[in-house]
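Values in this text are rule-based calculations from the coordinates and carry no lab data. Owing to the predicted nature of the structure, the values given are computational and were not obtained by experimental measurement. Cβ: placed from backbone, ideal geometry, glycine included. Neighbour counts: every protein chain shown.
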2 protein chains.
Amino acid sequence: MNRKQDDTIRRLFEPKSFAVIGASRNPTKIGHNIFKNVLAGGYKGRLYPISPSGGEILGHRAYASIEEVDDQIDQATIAIPAKFVLEAIESCARKGVPAVQIITSGFSEVGNTGAEQQIVATARSAGMRILGPNIFGLYSATSSLNSTFSGTSVMPGNVAILTQSGALGIAMIGKTAVDNIGLSAIVSLGNKCDLDEADLLDYLVSQDETRVILMYIEGVKNGERLIEALKRTTAYKPVVVIKSGRSKRGAMAAASHTGSLAGSDEIFDAIMRQCGVLRAEGLEEAFNWCKFLARTRLPAGDRAVIVTNGGGVGVMATDACEKFGIELLDDQETLKEVFGPATPSFGSTKNPVDITGGANSADYHLALSAPARSDSMDATLALYCDTATFDSDNMAPMVKKTYEAHCAAGKPISYAIIGGESVEKAMASLQRDGIPVYSDVYQAVSSLGAAYRYKNYLREQSDEVEEDEIDAAAIESVIQKALADGRSFLLASEGSAVMRAAGITIPQSRIANSITEAVGFAESIGYPVVMKVVSRDILHKSDAGGVALNLENKTEVIDAYEAILQNAKAYKPDAVINGIEICEMVKPGTELIVGARRDASFGPIVMCGLGGIYVEVMRDVVFRALPLNRREVMRMLKEIRSFPLLMGVRGEARKDIDTVIGTILKVATIIRRCSGITDIEINPIVVYEQGKGLKAVDARILIAHSREGHHE
Amino acid sequence: MNRKQDDTIRRLFEPKSFAVIGASRNPTKIGHNIFKNVLAGGYKGRLYPISPSGGEILGHRAYASIEEVDDQIDQATIAIPAKFVLEAIESCARKGVPAVQIITSGFSEVGNTGAEQQIVATARSAGMRILGPNIFGLYSATSSLNSTFSGTSVMPGNVAILTQSGALGIAMIGKTAVDNIGLSAIVSLGNKCDLDEADLLDYLVSQDETRVILMYIEGVKNGERLIEALKRTTAYKPVVVIKSGRSKRGAMAAASHTGSLAGSDEIFDAIMRQCGVLRAEGLEEAFNWCKFLARTRLPAGDRAVIVTNGGGVGVMATDACEKFGIELLDDQETLKEVFGPATPSFGSTKNPVDITGGANSADYHLALSAPARSDSMDATLALYCDTATFDSDNMAPMVKKTYEAHCAAGKPISYAIIGGESVEKAMASLQRDGIPVYSDVYQAVSSLGAAYRYKNYLREQSDEVEEDEIDAAAIESVIQKALADGRSFLLASEGSAVMRAAGITIPQSRIANSITEAVGFAESIGYPVVMKVVSRDILHKSDAGGVALNLENKTEVIDAYEAILQNAKAYKPDAVINGIEICEMVKPGTELIVGARRDASFGPIVMCGLGGIYVEVMRDVVFRALPLNRREVMRMLKEIRSFPLLMGVRGEARKDIDTVIGTILKVATIIRRCSGITDIEINPIVVYEQGKGLKAVDARILIAHSREGHHE
């Protein structure tokens, strides 16, 4: 990211001076509400209402034009009818405003793309960046700037929200406040005519107030940029995503609503995992996670403990831990040592630790302080079931103290508190204090699980990009020749040439023009071999008697050579015979399919699955965006449900997974480096035992003239 | 269910007179709290505190013994130390009390099974039924009886809760009140020494106040009884279940906590689906569903509509509809006709219907009244995103009116309302009025989805039980012979005999003792055939040259006959040869595995999956409890992920699914009727094209002496 862009986006969030073009005294106008919110929000910079009628607005002198203001304007917000927007942009350009929000709708989202393009062109030539159009505005805690037209005020805090839906964004402002989730920023992205998620992520990752980023996405336009920005972001801060349009019908609805393609949900999902992004299914789940991630430390290790006063919720939490990938400490001696003092004899120090229904707040305090102090424990799940005897008044102080003890020790703790009015009151007060507490076991565990997923991503993540040596020049020349032929696909022989240039093993094959050559080739390839007539004039080679299978020795090769020639001549006397192909017989093995293509949203992606019925019926395939490294490819393979087949089942040996990984990296390198290729599908790839490699039997490759500037 | 039992359980929920044995003036005693709660709950019957010290308790005259009371006692609750309980039970028996709750813990849950058995024996001989021990008591709205020791009062309503966890039950009393979920009953089941879930379901299904039943289950003891009771219940009322111990570790925790086996979660899950039970993952989901099912009608048809003021939440709801199996109306003309008047030109009458962010409460009222009136719509999802301009004060009345319009029309409507404080207030008031509203799209759709799942179960459900004709006597004699041999398994030939007796096709095979016979058998079976030496003295037939495959004509059979005899004699000169087996060569087809066994929790169950790797690696198998009918077996097959292989993929013909269904019913009939069989596994069953049947190639059967009285 260059310095200048960074600065411009900073002026969006931290402007020293701010103009509202369309500020109005009329409270039914959006421009009025924005100006009012900026005032009410306590914006710390210099503020200029711009209104053609001049005068005074809410106590501030209004200017007829931004150009009349005798000050450098860091940011302008435009809230005037669509037809006047271009003029305002031109005015901002002349004034040298670096950052502009366009609230106004009525542009590309309703098909009015021309006007939007003109605006972008004007802004670009003036070095101005634009957020919007068709947005509800922006809130930034750093500069106490609420330039949204929301009816409710924003609660400041540490969660930044980027939303593609304006209506949902406005609703989230209210909802987060009710749920005590403070925001560091909320930005609506609208039509993304200029600035998009990637630009804003690059700012938010460096902004101190933001601890978690929540994104609501309906469609992705420039996915490759987004992937890179997400990777840069998740290296430092957790990102939670809600992506709608995951169902077929939902995708259609999203397309008609935002004009952007939702794309394949499978691919989106795989790429988010690859980028370390936490995908939530709905608002509630996303908020639960954000609340937790904004307020607690990530666990340093895998050893989690459950402390409960009820066996039932303990079991529910144990189930949920398995579902959300949380490992429970199993060292009975340590558990006994740490929790023994807090556990009555009829309780249990096994994990879940059951301090029994008789536990009061002091008992809980004792039990929950222990894991904060213990070197053998990394995370705590604290469960409470309302009892008739618990001293509810002490609930909130107990939770607060044990939460703080965990924070001080750098450990996460997640609370589930189930009960009636008295605990409800305690929870409300804890939430006001910013302590994440949940009213359901499932939510508490899911939130700690999100922290673990993110932590595991950080642990395993590696920036290293691996590409395999391929002869890209040779591949390029094959493509150019085929394109010059007017074809959009490669012939089988060209596909083989690409495989060879990439160093992917294919079955051996040579074309013989004499019996001596045929025998020589067969012996060098090794028996058994297959022989096929080579002739453009004979399409159905088998029908013509032009194929002989499973030839096991010299005599059979000689006989087959003569028979094939004879058959071919009998079948079509005037056929031009270019020789006889001698091919290796591919031994049976485990069949894989490996593919790569350019996705409309995310650019080059690779795909892998076990061949045949597994792919077709079970849809057992996995995806990844590029670039990749060996570790990520291994993770990808492990996501295949039929992966155990590669590891060897029923006493079979482990397959040559290293070579499979290498081949996937080679395919990835081809699609990255050879822009003329749009699709590769190798099916089947027959994989043998460890050390014995694989054979790419059939490679189908589609090509196209690469668009100028498509890949900078 | 017999009349008498029905009456006894009624006295548990609707006692006309009620005694608290262990009532106390000491507020730290459980007996005090129960008596206080009964009084505070406004119990309508005659109430008797029993306390050895006599005197007066909370204004009621206390009796030293229940036998001193000069009244017929319908129910007694016992809350005294464990060592005195048997005495109290004896006293109740003498008094002729028909129903008793034992609150006291310290029995089988801590290994003290002897005392519990004595209590049961005493009760049984007196015709008395017992709830507990180790419970928190019971609440019944019908008689305003709160005999729990909960610290909070119960909110009366229409959801009945049966819980295996006492602590969670107490917490749920508080939590349901906070969530405005009224209860018709809440019962803790404790050790289930006598009464269990099945007994209570049979009462609740006939109780008017109960509209939905929520069960929290940790382990199932008498699953066959439970299955029958659940089926009887779901025929009239929805049942929601939370089952913990679904993970391996959770199951272990549950076992140590309740002493009952959690069993395989896969099987539990399959059986709940089969019984029409809605399984929720956590408390929150269960409460959301109950709230909805208790308050709205089931949809009459599939045509659901989404009405929204925000495109984003509309898309999220569309996604969730697909996930939860809700079909959206797609008739654009009808949608336009019905919603046109309420939709501005820049909105959309497509489904989701977008009435745009400008909609106020009047617009919503117009839009949401429309589907209630329309004959073309069956269910409505109403979504609202807080806007800056909405008249929030009118939110609650608008929702109330449109909800009532839907109720009057017999249609369900589910609301998701997302926003800040003002809508939060409206929601709180709506919830107090018992109107189900949700603060997340996902919850609203999930709840309507639960209603749809239940409705679809009711539509497809059929009481009919189908069994296939099998020769049970013949099977029984095979089993008896093997048991007499001291074996716990059947030999291959015995397995074949069982298959034949059940009418399941197996590959043909006959034992020849001469060349003439061998040829005759081969010709009657049809070529090709396989031949094998029959001799107890030759274990490894192939090594001995005792097997010949793929024999295609008379000459080959004659040659093989002679060769096998010669080889066998050469291999082991003193071997006794009992003949040569002539077997059908099984043609390749789609391989299935069908099994049946007696599950520890649920009794006889059947299993099916696609054979080989699908079962071993992909764990692609499904389960059902018995009895079954063809329709249920078809549903079972459809749950197999690789089911498309049976329907025919890659241009293959559909397989003989009818015969597969018949075979599964036959296997089910065998395990139901032949109590000596504990396990059947037929693997593979080779299935051919429609009309061409199948071959059960290998049947492995385990047997055991059937326990007396195990199957009444």
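Taken about its Cα centre, the protein assembly as shown carries a charge dipole of roughly 1840 debye when the Cβ of each Lys and Arg holds +1 and the Cβ of each Asp and Glu holds -1. The share of Cα pairs per 5 Å bin across the stretch A:3-292, counted from zero up to the longest distance, runs 1, 6, 13, 17, 19, 17, 13, 8, 4, 1, 0, 0 percent. For B:Ala62, the residues 5 or more places off, or on other chains, whose built amide H falls under 5 Å of its own are B:Gly55, B:Glu56, B:Ile57.
Take B:396-405, B:50-59 and order them by the average number of nearby Cβ atoms within 10 Å per residue, most first; the result is B:396-405, B:50-59. Bridge orientation summary for the stretch B:3-292: considering DSSP beta bridges with both residues in this region, about 15 percent are antiparallel.
Estimated purely from DSSP H runs of n ≥ 4, each contributing -39500 (n - 2.57), the mean residue ellipticity at 222 nm for chain B is -12500 deg cm²/dmol once divided by its residues. Determine the shape class of the stretch A:463-528: with a ≥ b ≥ c the square roots of the Cα gyration tensor eigenvalues, call it rounded for a/c under 1.5, and otherwise prolate if a/b is greater than b/c, oblate otherwise. Because a/c hits 1.5 or more and a/b fails to exceed b/c, the stretch A:463-528 counts as oblate. Does the stretch A:1-124 come out rounded, prolate or oblate, given a ≥ b ≥ c as the square roots of the eigenvalues of its C-alpha gyration tensor, rounded meaning a/c under 1.5 and, failing that, prolate meaning a/b above b/c? In terms of gyration-tensor shape, oblate. Between this copy and the others, label points of B:Gln431 are 0.9 nm apart in ascending order, each placed 7 angstrom from Cα in the Cβ direction. Residue of chain B with the smallest Cβ distance to the axis mapping B onto A, distance rounded to whole Å: B:Met618, 3. Here the protein assembly as shown is described by how far its Cα atoms reach on the three principal axes: 102, 101, 66 Å, from widest to narrowest. Between 0 and 90 degrees, the angle of helix B:82-95 with respect to the longest Cα principal axis of chain B falls at about 80 degrees. Between copies, A:Lys481 shows label-point distances of 7.3 nm, shortest first, with the point placed 7 angstrom from Cα along Cα to C-beta. Computed over chain A, relative contact order equals 8 percent, with contacts defined as Cα pairs under 8 Å that lie 6+ residues apart. Straight-line cross-link reach from B:Lys587 at under 14 Å between alpha-carbon atoms covers these aspartates and glutamates, not counting any fewer than eight positions away in the same chain: B:Glu552, B:Glu689. If you look at the Cα atoms of the stretch A:480-573, you get an Rg and a Dmax of 15.1, 43 Å.
Among the residues of B:123-136, the average count of other protein chain beta-carbon atoms within 10 Å of the residue beta-carbon is 0. Relative to the dominant Cα principal axis of chain B, helix B:283-295 is inclined by about 70°.
For the listed peptides B:533-545, B:481-493, B:144-156, a ranking on the average number of other beta carbons within 10 Å per residue, highest first, reads B:144-156, B:533-545, B:481-493. With 5 Å bins beginning at zero, the pair-distance distribution over Cα atoms of the stretch B:590-703 amounts to 2, 12, 24, 26, 21, 10, 4, 1, 0 %.
Copy-to-copy label distances for B:Pro81, where each label lies 7 Å from Cα along Cα-to-Cβ, are 8.9 nm in order of increasing length. When Rg and Dmax are taken over the Cα atoms of the stretch B:297-460, they come to 14.3, 46 Å. Per q in 0.13, 0.23, 0.27 1/Å, what log10 I(q)/I(0) does a Debye calculation on the alpha-carbon atoms of the stretch B:317-372 return? Ignoring solvent entirely, the Cα scatterers give -0.33, -0.92, -1.10.
Residue by residue, the stretch B:531-536 carries 3J(HN,Hα) couplings of 10, 9, 6, 10, 7, 5 Hz when phi is fed to the Karplus relation 6.51 cos²θ - 1.76 cosθ + 1.60 (θ = phi - 60°); x denotes Gly or Pro.
Shielding of peptide A:424-431 by partners, expressed as the average count of other chain Cβ atoms within 10 Å per residue Cβ, is 1.
Cα centroids of the stretch A:454-470 and the stretch A:531-595: 45 Å apart. Shape of the stretch A:108-147 from its Cα gyration tensor (a ≥ b ≥ c, root eigenvalues): rounded if a/c is under 1.5, otherwise prolate when a/b > b/c, or oblate? Oblate is the answer for the stretch A:108-147, as a/c is 1.5 or above yet b/c matches or exceeds a/b.
Which angle between 0 and 90 degrees, to the nearest 10, do you get for helix B:492-502 versus the longest principal axis of chain B when only C-alpha atoms count? The helix B:492-502 is inclined about 60 degrees to chain B.
With a threshold of 18 Å on the Cα-Cα distance, the over-threshold entries among A:Lys541/A:Lys569; B:Lys291/B:Lys455; A:Lys175/A:Lys401; B:Lys29/B:Lys83; A:Lys29/A:Lys192 are A:Lys175/A:Lys401; A:Lys29/A:Lys192. Straight Cα distances below 16 angstrom link A:Lys16 to the aspartates and glutamates A:Asp6, A:Asp7, A:Asp70, A:Asp71, A:Asp74, with same-chain residues fewer than 8 positions distant left out. Only lysines eight or more places from A:Lys336 in sequence, or on another chain, were considered; those with a Cα closer than 19 Å are A:Lys350. Here chain A is treated as a Stokes sphere of Kirkwood radius computed over C-alpha pairs; at 25 °C and 0.890 mPa s its diffusion coefficient rounds to 83 µm²/s.
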